[in-house]
Amino acid sequence: TQLLEQSPQFLSIQEGENLTVYCNSSSVFSSLQWYRQEPGEGPVLLVTVVTGGEVKKLKRLTFQFGDARKDSSLHITAAQPGDTGLYLCAGPVPYNFNKFYFGSGTKLNVKP
Amino acid sequence: NAGVTQTPKFRVLKTGQSMTLLCAQDMNHEYMYWYRQDPGMGLRLIHYSVGEGTTAKGEVPDGYNVSRLKKQNFLLGLESAAPSQTSVYFCAGATRNTEAFFGQGTRLTVV
């Protein structure tokens, strides 16, 4: 059982569509991070959310941290082929900032 | 700006062989991590280090050993490789409560 559960596991959509990816846990996290990973590369940080209820926007990407800090979502508006990649959420284990755990990821494919 | 560099990038091992993966960082990170990535499993933490001379176990430490003799280097060793260790290995560095910076990965195949 993973500490962070992501859904959906796979998503294939047409260019211009909207989508939401979810990251859920039964544990409270002090912060959650979202990374994007492209084939053959390491993950690259997109955003960190820290405060319960926080919403952050990065161009067409909107990130939300749940009020109870147990879940997070990533919403992409008008997806483009360049958004294709593996999206991973990650966070420090509660009470142990040294360990970063990752969700299983959502593989997004945006077709032109 | 090298960042986090992993060597080698690719390797094929026979079952029972040993090898060491090197992670080098020039970002003055206190924390360093080794992960493995398998399809549908995300990244799973193997071992990590919170400073020079320290190491600790992560989620899947069995079959691996690590050493952090110098702050900038974090070594991952496989003493007797098994096919189950076929994976892509990522090293990352971080400072407390900041993002993790990743290397480009090492693709290891054990036959």
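Some points to look at:
- Of all residues in the range B:5-22, those that are of a type in the set (A, V, I, L, M, F, W, C) have Cβ atoms under 8 Å from Cβ atoms of residues that are outside any strand (DSSP E or B), 6 or more apart or on another chain, in B:VAL12/B:VAL111; B:LEU13/B:ALA81; B:LEU13/B:VAL111; B:MET19/B:ALA81; B:LEU21/B:PRO8.
- Hey, B:ARG68 touching a helix residue (DSSP H, G or I) at 6+ places or on another chain (Cβ under 9 Å), surrounded by 13 or more Cβ atoms within 10 Å (Cβ to Cβ) and at pLDDT 95 or above or not: no
- Qualifying positions in the range B:30-48 - within 12 Å of the chain's Cα centre (by Cα) and more than 9 Å from chain A (Cβ to nearest Cβ): B:MET32, B:TRP34, B:ARG36, B:ILE46, B:HIS47
- Only listed residue being among the charged types (D, E, K, R), surrounded by fewer than 15 Cβ atoms within 10 Å (Cβ to Cβ), within 19 Å of B:GLN37 (Cβ to Cβ) and within 14 Å of chain B (Cβ to nearest Cβ), chosen from A:GLU38, A:GLU5: A:GLU38
- Restricting the range A:97-112 to residues that are open to solvent by 40 Å² or more (accessible area, probe 1.4 Å), over 19 Å from B:CYS91 (Cα atoms) and part of a strand (DSSP E or B), the residue that is nearest to the other protein chains (Cβ to nearest Cβ) is A:LYS107.
- Candidate set: the range A:8-35, residues that are closer than 13 Å to A:ALA90 by Cα and either of a type in the set (Ser, Thr, Tyr) or in contact with a His (Cβ under 9 Å, 6 or more places away or on another chain) (or both); chosen: the one most open to solvent (accessible area, probe 1.4 Å): A:TYR22
- Count - residues of the range A:48-66 that are in contact (Cβ under 8 Å) with a residue 12 or more places away in the chain and part of a strand (DSSP E or B): 8
- Criterion: touching a Pro at 6+ places or on another chain (Cβ under 8 Å), more than 19 Å from B:GLU59 (Cβ to Cβ) and not aromatic (Phe, Trp, Tyr) - qualifying residue of A:VAL49, A:VAL21, A:VAL55: A:VAL21
- Qualifying residues in the range B:35-54 (those that are open to solvent by 20 Å² or more (accessible area, probe 1.4 Å) and of a type in the set (Gly, Ala, Ser)) - the one modelled with the lowest pLDDT: B:GLY40
- Restricting attention to the range A:67-81, the residues that are open to solvent by 10 Å² or more (accessible area, probe 1.4 Å) and touching a residue at least 24 places away in the same chain (Cβ under 8 Å) total 10.
The values are calculated or read from the model by the stated rules, or taken from the named source; none is laboratory data. Because the structure is a prediction, the values reported are computed rather than measured. So basically every Cβ, Gly included, is an ideal-geometry build from the backbone, and we count neighbours across all protein chains shown. In case anyone asks, the SASA skips ligands and DNA or RNA and just uses the protein heavy atoms, side chains included. Shrake-Rupley method; radii C 1.70, N 1.55, O 1.52, S 1.80 Å.
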